[in-house]
1. Quickly run through region 155-180 and pick out the residues that are away from ligand 1 (no atom under 12 Å from the Cβ) and under 25 Å from Ala120 (Cα atoms).
2. What pairs can you find where one residue is in region 39-50 and over 8 Å from Gly131 (Cα atoms) and at pLDDT 95 or above, the other is part of a strand (DSSP E or B) and aromatic (Phe, Trp, Tyr), and their Cβ atoms are less than 9 Å apart, with a gap of 6+ or different chains?
3. Give, as residue ranges, the helices (runs of 4 or more DSSP H) completely inside region 199-318 that count at least 3 residues that are in contact with an Asp or Glu (Cβ under 8 Å, 6 or more places away or on another chain) and closer than 25 Å to Glu179 by Cα.
4. Which one of Ala198, Ala233, Ala213, Ala223 is surrounded by fewer than 24 Cβ atoms within 10 Å (Cβ to Cβ), more than 17 Å from Asp12 (Cβ to Cβ) and hydrophobic (A, V, I, L, M, F, W, C)?
5. What number of residues in region 92-112 are in a loop (DSSP other than H, G, I, E, B) and open to solvent by less than 70 Å² (accessible area, probe 1.4 Å)?
6. Considering each of Glu152, Glu145 in turn, give the residue that is open to solvent by less than 50 Å² (accessible area, probe 1.4 Å), of a type in the set (Asp, Glu), away from ligand 1 (no atom under 11 Å from the Cβ) and over 23 Å from Val45 (Cα atoms).
7. Report yes if some residue within region 110-124 is more than 16 Å from ligand 2 (Cβ to nearest atom), of a type in the set (Lys, Arg) and touching a helix residue (DSSP H, G or I) at 6+ places or on another chain (Cβ under 8 Å); otherwise report no.
8. Considering each residue of region 26-47, count those that are more than 14 Å from the chain's Cα centre (by Cα), β-branched (Val, Ile, Thr) and closer than 14 Å to His88 by Cβ, and give that number.
Amino acid sequence: MNRTRTIFYDCDTGIDDAMTLLYLASRIRAGAVDLAGVGTVHGNVDPLTGALNTLRVLELAGIQEGVPVAVGAARPVAQDVHYAADWHGTDGLGDTHLPEPAGRPVAEPAAALLVRLARAMPGELTVLATGPLTNLGAALLLDPELPSLVREVVVMGGAFDHPGNITTHAEANIWHDPEAADLVFAADWPVLLVPLDATHPTAVHGDWLDRLAAHDTAAARFAVRVLSFYVDAYTPVLRNRGAVIHDALAAMLMLEPELGEYAQRAVRVELRGKLTRGTTVWDARSLPAADTRRPVRVAVGGDVPAFHERLLSALTSL
Ligand code: RIB
Ligand code: CA
């Protein structure tokens with residue numbers, strides 16, 4: 001298997017998605033990642049804003065050349081669209097209202113770009129998804145052969161033995177489009193799911209933030225600036241100055257799976273519960289698994305110090 005991971009990154013560029021793009025930029029420079037394309041989706045912000053934010057970060061990191069950024073779904077399959085301005089700002093980057101990027105998104109819709117890239121490199125493309133899964137659901141409907149063409153799907157989303165973050169039980173990415181998420185977990189492709197159970201313990205705190213702020217690189221200054229909004233939103237939840245950079249953990253475990261701990265179980269999404277719609281559900285009983293769905297590899301833990309050091313190194317090396 002090729003050492004360099006060729007990836008399609010589907011995101012709702014927001015603040016932790018932006019940190020993930022900077023982490024990927026450091027891995028691109030190290031030759032570990034080839035970024036074949038980016039798709040944006042409703043979630044933290046509308047997908048056009050997400051695409052312009054993505055272009056801002058790609059240009060800041062100097063990795064925009066040859067990377068198509070495609071605008072994707074502006075709404076979920078079966079519910080109203082919902083943005084997360086309280087966590088990411090109205091502009092998706094902490095209300096920093098940065099200058100327009102030089103580049104523009106491509107005309108091709110994100111789901112079509114994903115299908116075209118997967119067909120062009122059968123078995124090679126890894127899909128990293130850190131927003132609602134509407135584009136992946138649309139791509140599955142567009143091309144039923146997609147699961148056989150994709151090397152792996154890595155998703156930040158869900159919550160199992162951990163409270164939800166947008167409702168009592170549901171995590172935001174899954175809750176934003178439960179129908180699309182259930183299509184993703186029902187498809188016959190290898191899925192690595194990185195839920196709140198794994199991301200919340202990786203919260204960064206004052207010491208880490210102060211170490212980042214001590215660096216005077218363009219990427220570090222940008223990260224400090226946009227993270228400050230996110231830290232203000234997260235500090236009351238964590239009862240300590242800090243934030244959870246969820247999406248970057250999914251990218252790290254995609255590239256270094258040995259840094260995580262996993263359970264293998266079929267995953268479904270509650271679509272009808274009045275109180276539980278958007279909740280990820282697995283059968284954790286010790287009985288033989290009765291669910292015929294392909295099991296998903298679910299991260300239930302990760303090497304927190306390794307995550308902190310790798311992310312800090314990435315943000316300060318660009
Ligand atoms: O629940 C956390 C997820 O929702 C992250 O991907 C964050 O960016 C938001 O999209
Ligand atoms: Ca996200």
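1. Taking region 155-180 and keeping what is away from ligand 1 (no atom under 12 Å from the Cβ), we get 160-161, 168-169, 178-180.
The answer is Ala180, and nothing else.
2. Going by the 9 Å Cβ cut-off, the qualifying pairs are Gly39/Phe8; Gly39/Tyr9.
3. It comes to 246-255.
4. Ala213
5. 10
6. Details: Glu145 fails: open to solvent by less than 50 Å² (accessible area, probe 1.4 Å).
The conditions single out Glu152.
7. Checking region 110-124: at least one residue is more than 16 Å from ligand 2 (Cβ to nearest atom), of a type in the set (Lys, Arg) and touching a helix residue (DSSP H, G or I) at 6+ places or on another chain (Cβ under 8 Å).
8. 0
The values are calculated or read from the model by the stated rules, or taken from the named source; none is laboratory data. Because the structure is a prediction, the values reported are computed rather than measured. Glycine also receives a Cβ, built like all others from the backbone with ideal geometry; neighbour counts cover every protein chain displayed. Just so you know, the surface numbers come from the protein's heavy atoms only, side chains and all, with ligands and any DNA or RNA stripped out. Shrake-Rupley method; radii C 1.70, N 1.55, O 1.52, S 1.80 Å.
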